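Please read the structure below before turning to the comments.
The values are calculated or read from the model by the stated rules, or taken from the named source; none is laboratory data. Quick caveat: nothing in here was measured; it's all calculated off a predicted structure. Heads up, the Cβs are rebuilt from the backbone with ideal geometry, glycines too, and the neighbour counts pull from every protein chain shown. Just the protein is used for accessible areas: all its heavy atoms, side chains included, with ligands, DNA and RNA removed. Shrake-Rupley method; radii C 1.70, N 1.55, O 1.52, S 1.80 Å.
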Amino acid sequence: RHYCDKNYRPRAETGEKVGRVTIGNRIRHIREQASMTQAALASSAHIGRITLIRIEKGEQSPRYDTLLAIAEALNLTMQRLLVDNEAR
């Protein structure tokens, strides 16, 4: 599609960044509410602390299995991790 629409790629990249930042902020907020450090969450989720930092900053998109591990480490379902029920 980017061959036909020169604005497609910038819009797609912006949407991807917004999604990464949104999920990163959400994970950080939930982690802080649980009074967990980044090191503690990373250890519980069996991921690297640097990986968690990059996810929380929106620099890296988490894979499905990483999201699942983070949700389990926070004692949440995947739905609760991804969906903000308070925004409704």
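Go through segment 7-49 and report how many residues are of a type in the set (Ser, Thr, Tyr) and modelled with pLDDT of 95 or more. Please lay out each step first, then the result.
Step one: of segment 7-49, the residues of a type in the set (Ser, Thr, Tyr) are 8, 14, 22, 35, 37, 43-44.
Still in the list and also modelled with pLDDT of 95 or more: 35, 37, 43-44.
Of the residues in segment 7-49, 4 are of a type in the set (Ser, Thr, Tyr) and modelled with pLDDT of 95 or more.
Filter segment 45-82 down to the residues that are touching a Leu at 6+ places or on another chain (Cβ under 8 Å) and not in a loop (DSSP other than H, G, I, E, B) and list them by number.
To start, the set of residues in segment 45-82 that are touching a Leu at 6+ places or on another chain (Cβ under 8 Å) comprises 45, 52, 67, 70-71, 73-74, 78, 81-82.
Listed by number, the residues that qualify are Ala45, Leu52, Leu67, Ile70, Ala71, Ala73, Met78, Leu81, Leu82.
Filtering segment 1-43 to residues that are farther than 16 Å from Arg80 by Cβ and hydroxyl-bearing (Ser, Thr, Tyr) leaves Tyr3, Tyr8, Thr14, Ser35, Thr37, Ser43. Working only within segment 29-41, note down all residues that are part of a helix (DSSP H, G or I) and either open to solvent by 80 Å² or more (accessible area, probe 1.4 Å) or within 14 Å of Ala71 (Cβ to Cβ) (or both). Listed by number, the residues that qualify are His29, Ile30, Arg31, Glu32, Gln33, Leu41.
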